[in-house]
Structures are given as C-alpha cells and as structure tokens.
Amino acid sequence: MIRLFEEHQVRKTTELSSSLWDFSQVTDGKNTPVGKVTVPSCWESYPGFEAYRGQGLYERNFEADGDMRIVFKGVSHTAKVFVDDKFVCEHYNAFTQFEAVVKNLPSGVHKLSVLVDNSFSEASALHVENDYQSYGGISRGVVLEKLPKHYIRQMHFTTIYREGSWYAKIKLVIASLTRETWDGTVNVTLKNGETEAFLCSETCSMKENEDELTIETDEIACKAVSAWAPEHPTLYMLSAQLEDEDGKVIDDLTDRVGFREVRTQGKDILLNGKKLQIKGFCRHEDHPQFGCALPLSAIMQDLQLARDMGANSIRTSHYPNDELFLDLCDELGILVWEENHARGLSEEQMRNPNFERQCETCIREMIAAHYNHPSIYIWGILNECASDTEYGRECYKTQLELIKSLDVTRPRSFSSCRFKTDICFDLVDVVSYNIYPKWYHNTPVAEYLDDLYKWVQTTGGAGKPFLITEVGAGAIYGYRTPAKVKWSEEYQVLALEEQLGAILSYKDCSGVYIWQFCDVRVTNDWWNTRPRTMNNKGIVDEYRRPKLSYETVKRIFGSVDTYRK
Ligand code: ADA
C-alpha cells in the first residue's frame with residue numbers, strides 16, 4: 001500500500017510491493033541467493049539475517065512499455081537501482097522517497113534490481129551506530145508508473161486564512177520527457193464527498209530544452225470549506241488533470257489536503273488562531289517483527305494506543321516518516337512534528353564531508369513529498385546535534401534557512417540537549433528541549449524546568465514558544481519491585497508523574513513529548529547503557545504491551561486539553 005487513497009486515475013500505476021521479490025545476500029560483490037521475500041520488508045525479519053549489516057540484492061521482473069518511473073517510498077539505507085542490469089540511480093537515506101525514471105523501454109518484461117546497503121562507513125553521515133536501529137531492506141512501498149511525455153511531477157497546496165475566509169495557492173511542476181515546445185492546460189478541482197469545486201485552469205507552455213515548468217497560481221478564494229483541526233480533521237481531495245492541446249487528458253495527480261493555519265504569536269503556537277497545548281509521544285518506526293517496515297495495521301495500532309492515552313501529537317524522532325503514517329494522522333487529526341534525519345551527532349560527525357549534502361537532500365525530499373499534509377504543524381532538524389558550537393550553528397542556520405525557502409507556512413525548531421550552552425535559539429521559531437530530570441539526573445523537575453526556561457529568556461529564544469520535546473524514564477517490561485528503583489515499571493510511573501505534572505502546568509510551556517512511545521532496538525555499540533540492547537523508555541514495550549505508566553499517562557494527558565486557555 002502506497003497511500004490511503006488513489007493518487008492517479010489516468011496515469012497507469014502498478015504497486016511493485018504487491019508480489020514476491022528474489023533476495024540475495026551480497027558479500028564482496030558475490031551474490032548468494034536466499035529466496036523469495038515480500039516488499040516492503042527488512043532483512044532483519046528473515047531467518048539468519050536478524051543482525052545482518054551489509055548488502056542485499058532485491059530483484060523482480062516487471063512489464064514495461066515506453067517511459068517508466070519507479071517511485072521508492074523508502075530503502076534502508078542506501079539503494080543502487082538497475083533496470084536490465086543497467087545502472088539507473090542511487091539514493092542515500094532510508095526515510096525519504098526517490099524515483100528512478102527509465103525512458104523508451106521496449107514493450108515487454110524487464111528486470112528491476114535494487115542493491116541495498118545498511119552498513120556504516122564514512123559515506124554515511126546520518127545512518128551511524130546510534131540509539132536506534134538502521135535496518136536493511138526495501139522498507140517502504142514501491143510503485144511503477146507509465147509516464148506520458150508530459151506529466152505532473154509535483155503539486156503543493158498552501159492555505160491562507162484571512163478575515164474569516166480561506167484562500168489557497170497551488171504550485172504545480174509539469175515535467176517534460178521530450179524537452180520540446182509543448183502547449184497544454186492543467187485543471188484543478190477540490191472535492192469533499194460528492195461536492196466538487198473548480199479551483200483553476202492554467203495554461204502550460206513548455207519551452208525547448210526545458211525539463212520542467214513551474215506554475216504558481218494567485219490566491220484562490222475557497223468558499224464554504226471547513227477547517228482541518230484535531231477535533232474535526234476535514235480533508236479534501238485536490239485533483240489536477242493535464243490536458244494536451246487537443247483537450248485530451250494525458251495525466252493526473254490527486255492528493256489530500258486540509259485548510260488549517262499554523263503560526264506563532266509570542267509564546268504560543270496557534271492552530272487556526274487557537275493556542276496549542278501539545279501532549280504527545282516521540283515515536284520511532286520500529287517493531288520486533290517488521291523492523292522499520294511497519295504495515296498499515298501496525299502503524300494504526302500505534303496511533304490508536306497513543307490516542308487512547310490522550311495524545312494529540314507524534315514527533316517523528318528522528319527522521320521523516322512513512323507517508324502512510326502521515327495519511328493516518330491527517331485523517332485521525334493527530335498533529336505531527338516531522339524532522340529531518342539526525343540524532344545526537346557531534347561536531348566531528350557534523351564535519352563528515354557528506355553530512356551537509358545528506359541533510360540538505362533529506363530536507364528537500366521530506367518537504368517535497370510531505371508538504372501537503374495538514375497534520376504536520378512544524379518542521380524540526382538535527383536532534384541534539386552540536387548547536388553549542390560555531391560550526392554546528394552554521395549547519396543549523398543553513399538548514400533552517402533552507403526549510404524557510406521551501407515552506408514559509410510552518411514554524412521551525414530543533415530539539416536541544418545543550419542545557420545552558422545552546423547558541424542557536426535565535427534561528428528558530430520555537431525553542432525545544434529534551435530534558436531528563438529524574439532519570440539522567442535527580443534534579444526536581446519544576447526547579448530544573450523553571451531554571452532552564454529563565455535562561456532561554458536571556459538568549460535569542462526569548463519570548464518564543466517553548467516545547468519540551470523529550471522527557472521520560474526507562475522501565476523494563478515486567479520488572480516490578482516495591483523498591484521502585486530505576487528500570488522498574490514503578491519508578492517510570494513516579495518519574496513521569498513528576499515530569500508531566502511539572503511541564504504541563506508550566507504556564508510558558510506549549511507542551512510535551514514523552515520519550516518514548518515504545519521500546520525500540522538500538523545498534524550493538526549501545527549495549528552497555530541499554531539493557532537488552534534496546535531503548536527501554538517506552539510506555540509500551542516493543543510488542544506494544546502496556547507498562548504500568550500507560551494508565552499514568554492516560555490519566556494525565558486525559559486531564560489536559562488540546563488548546564490552552
Ligand atoms: C536523547 C535522544 C533520544 C534518546 C534519548 C534517551 O534525548 O534524542 O533519541 O536517545 O536521549 O533515551 O536517552
């Protein structure tokens with residue numbers, strides 16, 4: 001499954017993730033056939049590959065005729081794509097989608113080969129030994145498309161709320177495979193249930209030697225639409241149809257959108273003019289059966305559990321998530337903090353020659369693919385990287401400015417752990433901290449939080465909205481003791497009661513994300529501070545079995561509204 005709805009009625013598409021592929025282990029360039037596997041999947045779920053770090057080859061045949069595009073929603077973590085043994089493209093990063101376009105394929109059966117690599121090396125600045133696992137495999141959906149000579153490559157929908165009315169601006173990118181002059185028309189409609197409204201009709205005049213044409217509409221008044229909000233997540237189908245000069249529809253693209261406005265105002269984050277109170281979870285895409293390739297039902301169960309505990313938001317720690325997750329959040333009214341891929345990288349690691357380019361590519365691919373999701377209310381970057389150094393600051397500045405150039409509609413932030421040494425808060429719209437009083441140190445939470453917040457008011461973050469994007473404590477599922485010592489479920493309850501109580505009652509804090517939703521696998525280097533070589537701070541364990549703290553979180557989150565007074 002690629003999306004919760006059909007993106008195309010006209011363009012011919014085939015989900016390649018709907019049949020078995022041949023998988024081989026690749027060692028020193030030698031292929032050893034292993035057998036048939038499903039895609040998406042992680043090889044850690046294949047017998048004997050539970051801890052495999054290296055290369056694997058996925059192969060299958062496909063029918064083609066002419067110009068074809070293969071969209072990979074995620075391959076972990078480096079992919080080299082071949083068609084009929086000819087190299088087509090390469091992509092780094094498990095968490096963003098990419099495409100392989102192959103022109104003029106003769107009609108018939110062709111071979112698709114994807115060489116996947118999840119090893120750690122200097123070439124990989126973001127997938128490194130870390131407090132989460134970098135799995136191996138084609139971990140998200142794959143879809144084959146037959147392309148017309150001119151097609152709709154991208155459609156971004158921006159909503160504007162002004163004086164009680166909604167407006168929309170649409171940005172379309174029309175691609176050309178011929179690079180010759182061409183004239184067409186693109187028509188866009190907005191549909192909700194049976195009511196369909198015409199939005200615009202734009203002429204497309206492609207010039208010679210141009211790969212693509214960008215069309216940006218003026219503001220279009222959208223009357224009688226309902227806003228998207230957690231309590232009523234109204235969605236609309238935005239459909240574009242591309243016609244040639246004879247009026248024949250040659251391509252189409254549909255996406256789901258919502259009318260909502262996010263902005264900061266003083267110390268508040270406003271959603272449709274109302275002050276947000278975030279009560280959420282940090283969530284890794286991780287599962288003992290599926291690795292990072294969670295099927296829709298598993299993603300949905302996570303969201304059902306999070307909502308059952310009263311959460312209104314998920315932070316995609318620490319990378320862009322599967323679009324199926326975002327489709328669910330759009331439909332369920334769950335707010336999303338989505339962030340680019342990075343966790344806890346030192347200045348030395350940020351000086352990896354591949355770091356900036358890999359971060360920039362991740363940001364561009366994240367926003368290009370996820371721009372239209374109304375559930376995403378904020379973009380984050382570089383979780384707990386070196387925001388206390390001049391070199392680190394330059395990286396934060398570059399990436400935050402890049403986000404602003406790609407999306408002026410959402411606030412930007414990053415989660416800092418640099419206590420009173422952070423030098424980047426002037427660069428963001430929202431100041432966010434990861435704090436662990438009652439776990440990594442025993443400072444009383446209210447005292448620690450107040451001291452930190454007061455220090456932020458002496459920095460470039462003064463007067464800005466303030467979020468706690470991580471707080472929590474570890475508990476081994478099933479470890480119960482009246483001693484209530486650390487790693488017991490009882491201690492996790494005590495810690496969260498004090499942590500959540502202090503944070504959610506702090507008047508200048510816009511909310512909290514618990515670290516973390518579920519226990520997750522970590523890489524082997526982290527064994528000595530991670531019992532079971534797992535991060536055990538979940539409120540449910542890796543099998544989604546609730547710990548004692550589940551009811552604690554449910555009681556506390558349940559007593560807090562999504563909007564502040
Ligand atoms: C950091 C980090 C998380 C996790 C957490 C922990 O805040 O952002 O990914 O490692 O610490 O469990 O200590």
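The values are calculated or read from the model by the stated rules, or taken from the named source; none is laboratory data. Keep in mind that this is a model prediction, so the values were computed, not measured. Backbone-built Cβ (ideal geometry, glycine too); neighbour counts: all protein chains shown. Please note that ligands, DNA and RNA were not included when accessible areas were found on the heavy atoms of the full protein model with its side chains. Shrake-Rupley method; radii C 1.70, N 1.55, O 1.52, S 1.80 Å.
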Any idea which residue in region 533-558 is farthest from the ligand (Cβ to nearest atom), counting only those that are farther than 16 Å from ALA473 by Cβ and open to solvent by 10 Å² or more (accessible area, probe 1.4 Å)? GLY558
What pairs can you find where one residue is in region 182-206 and more than 23 Å from ARG256 (Cα to Cα), the other is outside any strand (DSSP E or B), and their Cβ atoms are less than 6 Å apart, with a gap of 6+ or different chains? ASP183/GLU245
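From the list ASP22, ASP28, which one is at positive phi and open to solvent by 40 Å² or more (accessible area, probe 1.4 Å)? Can you show your working first?
Details: ASP22 fails: at positive phi.
That would be ASP28, the only listed residue that is at positive phi and open to solvent by 40 Å² or more (accessible area, probe 1.4 Å).
Looking at region 311-362, which of its residues are away from the ligand (no atom under 16 Å from the Cβ) and of a type in the set (Asp, Glu)? It would help to see each step written out before you state the result.
The initial filter retains those residues of region 311-362 that are away from the ligand (no atom under 16 Å from the Cβ), namely 311-313, 322-336, 347-348, 351-362.
Of everything in region 311-362, those that are away from the ligand (no atom under 16 Å from the Cβ) and of a type in the set (Asp, Glu) turn out to be ASP322, GLU323, ASP327, ASP330, GLU331, GLU347, GLU348, GLU356, GLU360.
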For region 30-45, how many residues meet the condition of being part of a loop (DSSP other than H, G, I, E, B) and of a type outside the set (A, V, I, L, M, F, W, C)? 3
Quick test of your reading of the structure: ARG69 fulfils all but one of (1) outside any loop (DSSP other than H, G, I, E, B); (2) within 21 Å of ASP22 (Cβ to Cβ). Name the failing condition by number. (2)
For GLU99, indicate whether it is under 22 Å from the mean Cα position of the chain (by Cα) and under 30 Å from ASP246 (Cα atoms). yes
For region 490-529, which positions are assigned to a strand (DSSP E or B), within 15 Å of the ligand (Cβ to nearest atom), in contact with a helix residue (DSSP H, G or I) (Cβ under 9 Å, 6 or more places away or on another chain) and open to solvent by less than 10 Å² (accessible area, probe 1.4 Å)? VAL512, ILE514, CYS518
Kindly provide the set of residues from region 93-142 that are open to solvent by 20 Å² or more (accessible area, probe 1.4 Å), within 16 Å of the ligand (Cβ to nearest atom) and aliphatic (A, V, I, L, M), ordered by number. VAL128
Please name all residue pairs, on different chains or six or more residues apart, with Cβ atoms under 6 Å, provided the first residue is in region 416-440 and is under 16 Å from LEU382 (Cβ atoms) and at pLDDT 95 or above and the second residue is charged (D, E, K, R) and buried (at least 18 other Cβ atoms within 10 Å of the Cβ). SER416/ASP422; CYS417/GLU384; VAL428/ARG412; ASP429/ARG412; VAL431/LYS464; ASN434/GLU470
Counting only strands (runs of 3 or more DSSP E) wholly inside region 173-263, the ones holding at least 1 residues that are in contact with an Asp or Glu (Cβ under 7 Å, 6 or more places away or on another chain) and of a type in the set (Ser, Thr, Tyr) are 182-192, 195-206, 236-244, 249-257
If a residue has to be among the charged types (D, E, K, R), buried (at least 17 other Cβ atoms within 10 Å of the Cβ) and either within 22 Å of the chain's Cα centre (by Cα) or at positive phi (or both) to count, how many in region 262-290 make the cut? 4
Answer residue from region 191-237, given it is of a type in the set (Asp, Glu) and farther than 25 Å from ILE174 by Cα and is surrounded by the fewest Cβ atoms within 10 Å (Cβ to Cβ) among those: GLU194
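Within region 468-489, can one find any residue that is in a helix (DSSP H, G or I), open to solvent by less than 60 Å² (accessible area, probe 1.4 Å), touching a residue at least 40 places away in the same chain (Cβ under 8 Å) and among the aliphatic types (A, V, I, L, M)?
Step one: list which residues in region 468-489 are in a helix (DSSP H, G or I), which gives 489.
Next, only the ones that are open to solvent by less than 60 Å² (accessible area, probe 1.4 Å) stay: 489.
Narrowing the set further to residues that are touching a residue at least 40 places away in the same chain (Cβ under 8 Å) leaves 489.
Adding the requirement that they be among the aliphatic types (A, V, I, L, M) leaves none.
Within region 468-489, not a single residue is in a helix (DSSP H, G or I), open to solvent by less than 60 Å² (accessible area, probe 1.4 Å), touching a residue at least 40 places away in the same chain (Cβ under 8 Å) and among the aliphatic types (A, V, I, L, M).
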